[in-house]
Protein chains: 4
Amino acid sequence: MQSDGDTVTRRLKTVEGHLRGVIRMVEEDAYCIDVIRQIQAIEAALNKVSSKILEDHLNSCVITAIQGNDKKERERVLKEISEVFEMSTKV
Amino acid sequence: MQSDGDTVTRRLKTVEGHLRGVIRMVEEDAYCIDVIRQIQAIEAALNKVSSKILEDHLNSCVITAIQGNDKKERERVLKEISEVFEMSTKV
Amino acid sequence: MQSDGDTVTRRLKTVEGHLRGVIRMVEEDAYCIDVIRQIQAIEAALNKVSSKILEDHLNSCVITAIQGNDKKERERVLKEISEVFEMSTKV
Amino acid sequence: MQSDGDTVTRRLKTVEGHLRGVIRMVEEDAYCIDVIRQIQAIEAALNKVSSKILEDHLNSCVITAIQGNDKKERERVLKEISEVFEMSTKV
C-alpha cells in the first residue's frame, strides 16, 4: 500500500466491528432480513474501501509504472486494473 | 434466524478471520491490488452467507406467513424479499 | 408473467432505446468512459426491471404455490427465488 | 473509443438481439423467473463489454495522458477510472 494505509486500516477495523455486531445478531436469533440488510451494509462499506485503495494505487504505483521505461511492468499494472474492475462487477 | 444459525455464525466467523488477515496485510504494506482482491473474496463469501440466510428464511418465516391468515403480515414478508433483492443488485 | 407485463415491456423497450443510443455512441467514436457510464446506467435500469418482475412474481405465483397443496411445487418456487437472489449478487 | 470499436459494437448488437428476445418473452407471457434469468445474462454480457472498453481505454488514452505533461489531464483520467470502478460495485 503506497499511501494512506492508515485511513484504509481504520475503515477496515470499523467494518470488522460491524461484522462482529452481525455475528452477535445471528447468535441472538435476530430476524433473518435484518441480518441480510446488515451484511449488505458491510458490503457497501467494503466497496468504498476498495475504491479508496484503487484511487491511491492509481495515483502512486500506476503513475510510476506508466511513466517508467519497463513496458512489461506497465502492461502488468494495467492488466491488474482491468481484472479488479471485471471482478468488481461480479461481487 | 429461524434455522441453521450455527452454519451462518460459523461462516461469518470465517469471514471475520479473513477480514482480520486483510487488515494485517494493509498494516504490513501489502500490494494494493492484492488487498482489493482479498476484499472482493470477502464480499463473495458474504454474498453466499446472505443467500444461505435468505434460503432458510424462505423455507421458514415466509412459508408460515403466506400460509397464515394475516394479509398484512404476508405483504410485509414479501415486500422485504423484494427489497433485499433490489439492494443485492446494488452492493 | 402473471401481472403487469405491460409495464415491464415498456421499461425494457426504453432500455432497448438506450442501448441503441450506446451502440451509436460507439460507432461515432464517443469517449470510452462515457460509454462505460451509459452501460452502467442501462444495468441499473435492468436491475429495476428485474426487481419489479420479482415483486409481481412474489405476489402471484409464489403466493399461489405456497398456499397450494403441492409440496414439490412449493419447494421449486422457493428454490428459484434463492437462485435469482444469489445470481443477483454476481451480476 | 480509441480502439477496437468494432468488437464492442458487435458485442453490443448481440446484447440488443438478446434484449429483443427478452421483450418478446414478456409479451408472450413467459415465466417470470426465466425472464429475470435472461436479464441477468444480459447484465453479465454488458459487464464483459464494459471491461473490454476499460481495458482498451487503459492501453490508449490512459497511457497517453499519464506519459503526457498535462497534470490536470492526468488527474482527470485517473479520477474517471476510480469513478467507474466505484460505480461498477453498485450496478
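A short reminder: the numbers here are calculations on the coordinates, not readings from a lab. If you're wondering where the values come from, they're calculated on a predicted model, not measured in any experiment. FYI the Cβ positions are ideal-geometry reconstructions off the backbone, even for glycines, and counts take in every protein chain you see.
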Candidate aspartates and glutamates - alpha carbon under 15 Å from C:Lys71, same-chain residues fewer than 8 apart omitted: C:Glu80
Candidate lysines - alpha carbon under 29 Å from B:Lys13, same-chain residues fewer than 8 apart omitted: A:Lys13, A:Lys48, A:Lys52, A:Lys90, B:Lys48, B:Lys52, B:Lys90, C:Lys79, C:Lys90, D:Lys90
Along each principal axis, Cα extent of the protein assembly as shown, largest first, Å: 71, 47, 26
Exposure proxy order (Cβ contacts within 10 Å, fewest to most) of C:His18, D:His57: C:His18, D:His57
Shortest-first nm distances, A:Arg76 label point to equivalent points in other copies (7 Å, Cα→Cβ): 3.2, 5.3, 5.7
FRET efficiency, B:Ala41 to B:Asn69 (Cβ-Cβ, R0 41 Å, nearest 0.05): 0.35
Taking chain B and dividing mean pair separation by its residue count, relative contact order in percent (alpha carbons under 8 Å, at least six apart): 34 percent
Identity and axial distance of the chain B residue whose Cβ lies nearest the axis relating B to A, Å: B:Glu43, 3
Debye, to nearest 20: dipole size of the protein assembly as shown, +1 on Lys, Arg Cβ, -1 on Asp, Glu Cβ: 0 debye
Teacher prompt: B:Gly17 distances to equivalent labels in other copies, 7 Å Cα→Cβ, nm: 2.5, 4.9, 5.5
Local electrostatic count, A:Val91, Cβ distance below 10 Å [Lys/Arg +1, Asp/Glu -1]: 0
Pairwise centroid distance, computed over Cα atoms, of the stretch A:45-64 with the stretch C:1-71, Å: 31 Å
Degrees between helix C:71-88 axis and first principal axis of chain C (Cα, 0 to 90, nearest 10): 20 degrees
Cβ-based net charge around B:Ala41, under 12 Å, with every Lys or Arg adding one and every Asp or Glu removing one: +1
Inter-chain shielding of A:24-31 (mean C-beta neighbours from other protein chains, 10 Å cut-off): 5
Charge dipole magnitude, Cβ of K and R +1, D and E -1 - the stretch B:4-90, Cα centre, debye nearest 20: 200 debye
Fluctuation leader among D:Glu27, D:Glu73, D:Glu16 - chain D, Gaussian network, Cα springs under 10 angstrom: D:Glu27
Degrees between helix C:5-27 axis and first principal axis of chain C (Cα, 0 to 90, nearest 10): 30 degrees
Positive dipole terminus of the stretch A:4-90, leading residue within A:Ala65, A:Leu54, A:Ile42 (C-beta point charges): A:Ala65
Degrees between helix B:32-57 axis and first principal axis of chain B (Cα, 0 to 90, nearest 10): 20 degrees
